[in-house]
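Only one structure is covered here, and it is reproduced in the block below.
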Amino acid sequence: MVSCNSFDTEFIEIEPIATHFNGMEFISMQECMACHQDIVESHMQTSHYNTSFKTEATTFEEILKTHPNEIRLDDGTTIVIRKEGDFIYQDFYSRGNQSPVIQSPMEITIGSGFRGQSFLYWKDDGLFQNQGSIIGAMEGWINSPGFASQINNTRAVVPRCMECHSSYAPSIKANLNRFTNQYIKEDVLLGIDCQRCHGEVKEHVLFHKKNPEVKVAQHILKYSELTQKQRIDACALCHSGFRQPAWDTEERKFVPSFSYQVGNDLDDFLVKSNGNSSKKQDPEIHANQIKLLMDSKCFKMSDNMDCATCHDPHAQERGDYQNFSLKCISCHQTQNHTQKTLSLADADFEDCTSCHMPFVDSQAMKVDLDLKDLTPISIRNHFIGIYPEK
Ligand code: HEC
Ligand code: HEC
Ligand code: HEC
Ligand code: HEC
Ligand code: HEC
Ligand code: HEC
Ligand code: HEC
């Protein structure tokens, strides 16, 4: 749109990159650069930002040279990973067959690549998960977690999966949302960007561009004005384990994924899934830091703890134990460790987490490394406590 007023030309309307079904316009993260360059650059290094992206075939050159690029399934099927030009495929050979029965492209990568990555492909508007995944940081190919060891390359990628691993993925039929894997392809926004946690930002950008002298943030949600529950819900959307869409009694349908916005009460949108948990199982660890944290004394006995007490949501901090230990020490200036504890050989008191937040095996994330045994993946335990065995 051309403006007649020459004074306005540098404030041209920002082109949205997609529109949410609630009307909110998504804009490019590049729009934040002018005023929040540090945060944008730091955010681009995070697991959040890198949790989904268009697969780039060149990143597989190394593993294709150094690994057996095939997965053998119990039913005799062999999946062979093949790069062809700018594309990478999974070819399925059934027992004895010379030519592949399926050739499946790896179009979208899910996972920043710390524990592993899964690969999705489009079939018309339908989104499916490839059977072959990567374990660890390009450490080898595996049958995707949760798949039986037999040929089955048509696992539908449901909206809830995208709700945790992308910024936006609108369903074509939102009212059937719960089970459909049909998406409006051109509106899918990969990676978790600013708007996933900060909501509507377009007005904020327009305002501050027009009013550079204003140093107090306008037209933007403020975490400092949210309650503790609202702040925790913002992370709980994706970090409180398995939840299923709530039933909307007025609309008589399940609340579609991507409806929740920061500030809302999450429980109105997603309910804790207690299906088939007849046995009171061990606390589920996969993607469930919230419950564990809330059960620990640190949380219960301090005033306003939330995830940002220890985590900078815009920084890649994995492995920076000194930084995390400083967060512990900010509340625990002194620690009453017994002589016995203090004299433990190879104890590292610079890293409080090694004893108080030890790794535990996830029951949900298990991978098929050698076909027979499912190897659980270990996850950091957010139940902060005393583990005498450590
Ligand atoms: C033209 C300048 C400008 C642009 C562009 C801009 N902002 Fe801001 N923003 C500000 C100013 C000024 C503040 C207030 C000072 C501060 O906190 O840095 C602010 C503060 C914020 C805050 C903190 C709000 C609070 O007080 O809790 C958030 C969140 C934010 N901006 C997000 C964004 C996002 C996301 C983008 C890109 C889509 C963006 N901003 C683009 C100027 C801008
Ligand atoms: C839209 C879903 C979503 C929201 C909202 C979200 N996360 Fe995450 N988070 C993820 C996913 C998915 C991963 C795993 C990313 C990967 O490695 O592929 C992750 C990973 C992390 C990690 C591990 C980072 C690392 O070093 O690998 C931390 C810490 C984390 N999130 C904290 C938070 C906090 C704190 C909040 C709230 C301010 C939050 N997350 C909100 C989805 C989300
Ligand atoms: C995973 C969720 C998440 C994402 C993604 C995210 N933020 Fe934030 N952001 C937060 C939270 C939570 C706070 C409040 C932190 C606190 O309480 O200390 C915050 C605070 C801010 C602030 C004000 C405080 C500060 O650190 O200066 C700005 C500005 C901001 N974010 C900008 C951005 C921009 C720009 C992006 C995208 C490049 C972005 N955020 C992406 C969760 C997120
Ligand atoms: C409830 C939110 C949620 C849902 C639903 C979900 N994930 Fe995740 N996923 C996470 C979080 C959070 C992590 C980071 C590890 C953790 O905290 O358990 C993760 C980790 C992963 C990883 C490993 C990433 C890495 O590099 O370490 C992959 C791959 C993955 N998820 C794929 C999927 C796929 C594919 C689906 C859907 C079929 C899915 N996830 C559904 C939240 C979710
Ligand atoms: C916001 C303040 C705060 C932070 C940050 C914090 N704690 Fe705590 N923590 C507490 C409070 C309050 C208690 C209960 C009173 C006490 O035991 O000192 C507690 C209790 C504990 C306990 C005793 C638990 C039990 O079951 O008896 C341990 C161990 C502990 N914290 C370790 C840690 C570690 C390790 C970290 C960093 C990863 C940490 N805390 C971060 C406030 C905090
Ligand atoms: C008391 C400090 C503390 C609080 C509060 C806290 N975390 Fe953590 N978190 C840690 C530490 C320490 C790690 C280990 C980091 C590492 O291994 O590099 C961690 C790791 C993680 C990881 C990566 C898990 C893994 O096994 O890879 C995720 C995801 C995460 N936190 C999410 C959250 C969420 C969501 C919240 C809010 C409910 C939260 N954390 C609150 C200290 C904290
Ligand atoms: C080698 C393992 C180990 C390391 C490392 C460790 N702790 Fe502990 N911690 C323990 C044990 C065991 C106890 C129970 C008391 C005892 O037997 O010493 C304890 C008790 C505590 C308590 C409860 C007692 C009290 O002071 O109220 C707090 C808080 C605590 N630790 C904080 C920390 C912090 C903060 C760090 C990092 C600076 C840390 N611990 C490092 C093993 C460890």
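The values are calculated or read from the model by the stated rules, or taken from the named source; none is laboratory data. Nothing here was measured: the structure is a model prediction, and the numbers come from that model. Heads up, the Cβs are rebuilt from the backbone with ideal geometry, glycines too, and the neighbour counts pull from every protein chain shown.
So that you can scan it fast, the table gives a plain yes or no per residue for (1) more than 18 Å from the chain's Cα centre (by Cα); (2) not small (Gly, Ala, Ser):
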site: 161; (1), (2): no, yes
site: 166; (1), (2): no, no
site: 171; (1), (2): yes, no
site: 180; (1), (2): yes, yes
site: 183; (1), (2): yes, yes
site: 202; (1), (2): yes, yes
Item checked: Residues (more than 6 Å from ligand 7 (Cβ to nearest atom), part of a loop (DSSP other than H, G, I, E, B) and of a type outside the set (A, V, I, L, M)) located in the stretch 352-362 -> 358
Next item on the list: Have a look at 60, 92 and point out the one that is within 28 Å of the chain's Cα centre (by Cα) and either farther than 24 Å from residue 205 by Cβ or not aliphatic (A, V, I, L, M) (or both).
Entry: 60
Notebook entry, point to check: Can you name the residue in the stretch 104-136 that is of a type in the set (Phe, Trp, Tyr) and within 22 Å of residue 168 (Cβ to Cβ) and is also surrounded by the most Cβ atoms within 10 Å (Cβ to Cβ) among such residues?
Noted result: 119
Next item on the list: Quick one: count up the residues across the stretch 31-58 that are more than 16 Å from ligand 3 (Cβ to nearest atom) and surrounded by 13 or more Cβ atoms within 10 Å (Cβ to Cβ).
Entry: 2
Check: Of the numbered conditions (1) loosely packed, with under 13 Cβ neighbours inside 10 Å; (2) touching a residue at least 12 places away in the same chain (Cβ under 8 Å); (3) away from ligand 3 (no atom under 14 Å from the Cβ), residue 246 satisfies every one except a single condition; which is it?
Finding: (1)
Margin query: If I filter the stretch 137-145 for residues that are surrounded by fewer than 19 Cβ atoms within 10 Å (Cβ to Cβ), in contact (Cβ under 8 Å) with a residue 60 or more places away in the chain, closer than 28 Å to residue 317 by Cβ and within 16 Å of ligand 3 (Cβ to nearest atom), do I get at least one hit?
Written below: no
Next item on the list: Determine the pairs where a residue that is touching a residue at least 60 places away in the same chain (Cβ under 8 Å), located within the stretch 200-212, has a partner that is loosely packed, with under 15 Cβ neighbours inside 10 Å and hydrophobic (A, V, I, L, M, F, W, C) with Cβ atoms under 6 Å apart, the partner being 6 or more residues away or on another chain.
Entry: 209/11; 210/11
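Per-residue answers, yes or no, for (1) within 16 Å of ligand 4 (Cβ to nearest atom); (2) at pLDDT 95 or above; (3) among the small types (Gly, Ala, Ser); (4) surrounded by 10 or more Cβ atoms within 10 Å (Cβ to Cβ):
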| residue | (1), (2), (3), (4) |
| --- | --- |
| 286 | yes, no, no, yes |
| 289 | yes, no, no, yes |
| 294 | yes, no, no, yes |
| 298 | no, yes, no, yes |
| 305 | no, yes, no, yes |
| 311 | yes, yes, no, yes |
| 316 | yes, yes, no, yes |
| 328 | no, yes, no, yes |
| 337 | no, no, no, yes |
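For the stretch 83-103, enumerate the residues that are more than 18 Å from residue 148 (Cα to Cα), buried (at least 17 other Cβ atoms within 10 Å of the Cβ) and without any contact (Cβ under 8 Å) to a residue 24 or more places away in the chain.
The answer is 89, 100.
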Item checked: Among (1) part of a strand (DSSP E or B); (2) more than 16 Å from ligand 1 (Cβ to nearest atom) - the single one residue 113 does not satisfy -> (1)
